[in-house]
Structure formats: structure tokens, C-alpha cells
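Worksheet: the structure to be examined is printed underneath.
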Protein chains: 4
Amino acid sequence: MALMLHPPPGARRFAVPVRVYYQDTDAGGIVFHATYLHFLERARMEWLRVLGCDASRLAAEDDCLFIVRAMRLEYLRPAVLDELLEASLAVARAGAAQLTLYQAVSGNDDCMRAEVNLTCVSASKLRLVRLPARLRAAFDDWLPAPTADPE
Amino acid sequence: MALMLHPPPGARRFAVPVRVYYQDTDAGGIVFHATYLHFLERARMEWLRVLGCDASRLAAEDDCLFIVRAMRLEYLRPAVLDELLEASLAVARAGAAQLTLYQAVSGNDDCMRAEVNLTCVSASKLRLVRLPARLRAAFDDWLPAPTADPE
Amino acid sequence: MALMLHPPPGARRFAVPVRVYYQDTDAGGIVFHATYLHFLERARMEWLRVLGCDASRLAAEDDCLFIVRAMRLEYLRPAVLDELLEASLAVARAGAAQLTLYQAVSGNDDCMRAEVNLTCVSASKLRLVRLPARLRAAFDDWLPAPTADPE
Amino acid sequence: MALMLHPPPGARRFAVPVRVYYQDTDAGGIVFHATYLHFLERARMEWLRVLGCDASRLAAEDDCLFIVRAMRLEYLRPAVLDELLEASLAVARAGAAQLTLYQAVSGNDDCMRAEVNLTCVSASKLRLVRLPARLRAAFDDWLPAPTADPE
């Protein structure tokens, strides 16, 4: 199951700092594997905020929310208590109702990398809907260079 | 990122019941995407117990633990509060220091499916080690039929 | 801050089994202190189910949910990985819109004890409402003996 | 169970910002009650860092860690998705092996307040030990005014 996930070439990167607390670790003495998904979510939600499209406003004003449809996760080395990390993202692809991000959690080197496929659904019925126009416009600047090799 | 994960043909299946509580949900009204990884871990740890190799004994007696090296996750439909689910696993492949499982969380139908690649490491130094012989022997009965198509 | 919480005299006890997984522990090698609150919630939700008043039905049919208004928590000894515990509850007091439970998480002996004060609120507006009549009736059998010393 | 927790008079206050993500909420549409304990822990660990006594160094160099021995929690109003909160602390009392903090999670007003009693234990054996001298010295500046009414 070799993944070798890599950031989309020429993509803009967005990152938030993440500190590791006891709440994030397990009895193995390292960050619990599912906790990294929490770190990745923080980066996505802060990015939406920077785009002017906070998740709570998307739900209230546009009746939509993003749900995770698929993920590929690659764990490279365990993060430990008190470590200062960074959770980052870059847009890999965007469609009418979907968004695929490359994400990573890193200290001095990468702890884990992820490809995250999100779908936009109506907040009330959880049915597939198109991305709100203002959100679509807002992340135009974040799309990878057009010469990027499509999947 | 079409995944279409499927159980290994002819594999034995192990499952534990999982009930959805408020602690497992988020403000979208559904189970939080990272919570399914907790459900999957419960199935893995109960399976180890059935094999006579509880995680705490593996750490104390064999100085080893399993860490997640990679995962592919496919979310099919959201689970909701109070729903009774099942977290299951089947062995896809086993190597000297690795184990790949097909896992799923299901109600009447599948909520999510996963391919989970685990590595055995020393509990004290987190370095790659061979699976303990008694564990290797214990899951011989769980390996897929030899005619199964190798990856 | 001596607490010395004790079960209400003569109270009926309800309990659910809880197994400790890596997800419940922290790098101290023990169950993370906030995780016990998850265990306590599981006992409360299973008790509501036994009363015929699942939390999801309370929300959908009676537009109400319980929120925690106050807790006193006393930690006695740390639980560890793979330990089989029991999360229990007994009704201490019930009012028009409130419910106070004595709860505990125990193995061979008590790991922690709690007094949990819950308030019934409308699911839509989060405003204080009276407990639904059918729920009130359902836990009549669970109230402590009338001779119990009121607080 | 009226708590009415209040900060120790004249105490120094330490606070960290906390943003609410989906991971912190539940299907009631608000922050899950146990999540506030995670917010409180972040404030405690950042305060230790400011004191020059990171939790990981306390464990590695002084073989000690803090465990929660008791808590009183008072929930005043629910926090919601995307809300920017502050988790704070002030020292209420310090003993040879114990530390009692007043803590709160607040937005424009207080969401919850807590009294948190911590005990210092050896990281290896979880037995009661005295607070390391350098830590004791470090939080001298944080003790409440000597005229504060002792419990």
C-alpha cells in the first residue's frame, strides 16, 4: 500500500501551528493516529476562515457543509508530547461539488501526509450540492498551476 | 481518488458492536469523520484479545506495539446518534513486520470502509521489529485463501 | 476540595461495561482524565435507552436534550490499557427540569466517582424545559428511597 | 449542587486562545461537555511551558507528572462552532504535592468554570511525590495574595 503522497506542484500552502498535549497522545507515548485528523481539520477550518467562508457561516447562510468522502493517510514518524507541529494544506483539485486537498502534519520533518477528498452537501439534508459561488471564487487563488498533471 | 475498497475474497471476518453516543458526533448532526478510526481501533484490539495477544500484554511481554503506517478511508454514508453499528476487520496481507487489514463500519449498509496498514515496532524504541511468533501463529487462521490475488 | 462522593442510599444501580483502548489513554500510560466523562455519558445514554427514551428520540419527538450543568469529579486510581471497567449511575435527585446522578467508573475498585447535574433543554433553542412526562414516569422506579436524606 | 466558582481574589491570570472546530462539538450543535476539559488542559500545559517546566521535561528530567485528583465543573452557557474562546487559569492554592487551580473557558462571557485539583506523581510509578523545587519556585509569582481566605 505504498502511498508516497506529495504536494501538488506549484500549489500555495496554508498552515496553522499545533502543539501536542496529553489529550493528543496515547499510552504508546506518541500522538494517537486519529488525532492527526483533528489537526488536519483545524487547518481546513482556519483556511475557510481566511477565505471569508467560516464553516458556521457556510452552514447558516449557504446551508452547506463539507464532509470527508475519502482520505489517504501516510504516517512517517510519530509526533510526541509538547512538540510544536504545523498542520498544512494545499489545493490539489476542485470540482463543482468536490475539493481535494493535499495535507500534512509536520515538525522538523513530516509526521504524516494526507490526501483529503471533501464533498459539499446541504447542511439540512446532507445531499450533494454545488460549492457556493463566493467560496469557489475565494479559492481560485489557491488552485494549483493549470499545467499540473490531472489525475 | 476512487477507492472502492473491498474485503479480501474468502477472508474470515471479525466484528464488534459499536453504539453512537453524543461524544462520537459533531455539530453537523452526524458521526465525526475521525471517530470512525476509534471504532476501527476497537475492532483491532478486541481481535488481538481473541487471538490471546492483548495490546497491553504485547507491550509488556513482547515489548511491541502496532502503529498505523498507512490508511485508505472511504466514507459512504454518515452514521447518526444512537445508531447501532458494527466495526469489522479481515486480514488482507501479513508480512514479517506488517499487517494489512480490510476494515469497515456498518449499520444496515456500510458507513465507511478502510484499508489499514500496521507495522510492528518495539514499544520502548518504536523501531521496526518482527511480529512475535505466537501472534504470527495466532492469526494464521485469519489469513485470506492462498489463491487470493496478491497486490 | 475533599469530595468523598457516595452513591445515594438504597438507589438502584445501572451499569455498562467499558473496555480501555489506546484511544482512551494518554502518554502518562493511563486513561486520560477527560475520557472518563465519555464513559459516564455511555452509561447515561444506555440507561435512557433502557427507559425507552433514547436521546435521539428525545430530540426528535420531544424536542429536548440533556445538557450537563455541573459536575463534581473525584479520581481515585488510574485505569490502564485493556482494563475492563464498568460505568454506572444511580439517580440522586430529580426535579421538574433537572436530574442529578451519582456515577462511577470502576474496575476491581473505583477509578473515579462523579456527581452529575443535568438540565433538560429544548433541542432547538437550548432553553430550559420540563422533563417529558413519559421520561419522568419511566424513571420513577429509579428514584432513591424517600427516606434518603435530601441535600 | 450550587457551585458558584469564583477566581481567587487578586490572583494572576494566564490564558490561551481556543477556537471551536467540528471536532469539539456534538450533535446537539454545541461544544461537547468533555471537550472543555481538553481546553483547560491546554491552558495548564502552556502555563507550565511559560514557567519553563514543560510537561515532557517534567516527565523526562524530574520523573514527575500532574494527574487530576478532583474537579468541580460549572457549565454556564454552551459555546458554538467557530467561536473564539479563551481557556484561563489562576492558582488557588499550592501544597507540597498538590496544586489547586481556578480555571474558566470564556467567550464574551464565561462558558464554564472549574476548580481543578492536581497531584504531582512520579511518572514511572504514579506515586505521590513533592513538586520539583524549580517548579515550586517558578509559580511563587502566581500564588494568590497571602490575605486570601484559606479553605
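The values are calculated or read from the model by the stated rules, or taken from the named source; none is laboratory data. The shown structure was predicted, so the numbers you read here are calculated from the model rather than taken from an experiment. All Cβ positions, glycine included, derive from the backbone under ideal geometry; neighbour counts span all protein chains shown. SASA here: full protein model, heavy atoms, side chains in, ligands and nucleic acids out. Shrake-Rupley method; radii C 1.70, N 1.55, O 1.52, S 1.80 Å.
Some notes on this structure:
- Rounded to the nearest 100, the interface formed by chains A and D buries 1800 square angstrom of accessible surface, both chains summed, with a 1.4 Å probe.
- Table column - 3J(HN,Hα) (Hz), segment B:107-120, Karplus curve with 6.51, -1.76, 1.60, x for Gly and Pro: x, 5, 9, 6, 7, 7, 10, 8, 10, 10, 9, 10, 10, 8
- Interchain or long-range residues, amide H under 5 Å from C:Arg69's placed H: C:Asn117, C:Leu118, C:Thr119
- In the context of the full set of protein chains, residues of segment A:19-113 present 29 Å² of accessible surface per residue (probe radius 1.4 Å, heavy atoms only).
- Paramagnetic reach from B:Arg136 (point 7 Å along Cα→Cβ, amide N under 16 Å) across segment B:74-111: B:93-100
- Rounded percent of accessible protein surface that carbon and sulfur make up, chain B, 1.4 Å probe: 52
- Loop trypsin sites (Lys or Arg not before Pro), segment D:101-137, which have at most 13 other Cβ atoms in a 10 Å radius of their Cβ (DSSP): D:Lys125, D:Arg127, D:Arg130
- Surface accessible to a 1.4 Å probe, D:Ser124 within the full protein complex, Å²: 90
- Within the shell defined by Cβ-Cβ distances under 12 Å, the residues around B:Val16 carry a net charge of +3, with Lys and Arg each +1 and Asp and Glu each -1.
- For D:Leu76, net neighbour charge (Lys/Arg +1, Asp/Glu -1) across residues whose Cβ lies under 11 Å away: 0
- Electrostatic tally near A:Gln103: other residues with Cβ closer than 13 Å to its Cβ, Lys and Arg +1, Asp and Glu -1, net -1.
- Taking chain B and dividing mean pair separation by its residue count, relative contact order in percent (alpha carbons under 8 Å, at least six apart): 31
- Under the shape rule built on the C-alpha gyration tensor, where the axes satisfy a ≥ b ≥ c, the protein assembly as shown is rounded, since a/c falls short of 1.5.
- Where D:His6, A:His38 fall by accessible area, highest first, once all protein chains stay in place (1.4 Å): D:His6, A:His38
- Computed from phi, the 3J(HN,Hα) profile of segment A:4-10 under the Karplus parametrisation 6.51, -1.76, 1.60 (θ = phi - 60°) reads 6, 6, 9, x, x, x, x Hz, with x in place of Gly and Pro.
- For B:Thr25, nonlocal amide neighbours, meaning residues 5 or more places apart or on other chains whose placed amide H falls under 5 Å from its own, are B:Phe32, D:Ala27.
- Per-residue surface analysis assigns C:Phe14 an accessible area of about 30 Å², computed on protein heavy atoms at 1.4 Å probe radius.
- Calculated P(r) tail over 24 Å for segment D:7-125, as whole % of Cα pairs: 29
- Between B:Leu76 and B:Met112, B:Arg113, the built amide H atoms are under 5 Å apart, and every one of these is 5 or more places off in sequence or on another chain.
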